[in-house]
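Participant: What follows is a structure written as structure tokens; I'll ask about it next.
Every number here is computed from the coordinates shown, using simple stated rules; none is lab data. All values reported here derive from a predicted model rather than from experimental measurement. Here the Cβ positions follow ideal geometry from the backbone for every residue, glycine too, while neighbour counts run over all protein chains shown.
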Amino acid sequence: MTYFIAYLALGAVVLGVALISHRQANPPQSDFVREMMAAVDPERATLRYRLLHRLVVPALAGVLMLVAWPVAVFIKVREIVAGRPEDPGAAPEPAVFGVSRDELLCEMTLEEIESAETISDPLGAVPSLPFGHLNAVWSRFRSELAQGDTIWRFAALRDGKWGAREMREGYVISRGEGLGPYFLTGRRPVERPEAGEQGQ
């Protein structure tokens, strides 16, 4: 019994270190990003989603880490020993989601965007404003504009949940040589080409 308690105590230490490392590697999202993600994916606001992702999944992961901590330690040690070959010319790893220049479609003015994106709902369920219910988020995005910035429409093909492909569309601020904040307007699934179609 003493060995079992010592085993669980070591697991608790490993779990604590893992939680601290995870927190340092994944800083809290800004209010703007949280509002954007909640607006694009309304399921995030449901009680079921919050319970699943903030309580059930972390609790199960914690229990698994507590019981099977030697496996986690082995995997981490192997990563450290293996390391990664250093390549000074290699590009930095991309963020969770970022827009690249080759995904830009066309430059647009604020007037063009708001004219094209104003919702017209005869039933009045959606406000007659640019982006409808997302207008407050759009206004915050507009406030990020600085002198000399331009806005570009983009379409980016990415891996979504469970490995499914999806097309993410929206607008991004071009600032000097880089791309600044983005405004995501939609995500739609894209079917992967069949093996025979890829070679055509």
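Participant: Could you check the spin-label model distance between PHE74 and ILE5? Points 7 Å from the Cα along Cα→Cβ, value in nm.
Facilitator: My value for the distance between the label points is 2.8 nm.
Participant: Another question about this same structure. What does the net charge come to around SER128 if you take all other residues with beta carbon closer than 14 Å to its beta carbon, with K and R at +1 and D and E at -1?
Facilitator: Numbers: positive: none; negative: GLU114, GLU117, ASP121.
Computed value for this residue: -3.
Participant: Calculate the translational D of the stretch 137-188 in whole µm² s⁻¹ from Stokes-Einstein, where the hydrodynamic radius comes from the Kirkwood formula applied to all Cα pairs, the temperature is 25 °C and the viscosity 0.890 mPa s.
Facilitator: Numbers: Rh = 12.0 Å.
After rounding, the answer is 205 µm²/s.
Participant: Further, regarding this structure: Quick one: the Cα spread of the stretch 101-189 along its three principal axes, in angstroms, biggest first?
Facilitator: 40, 40, 19
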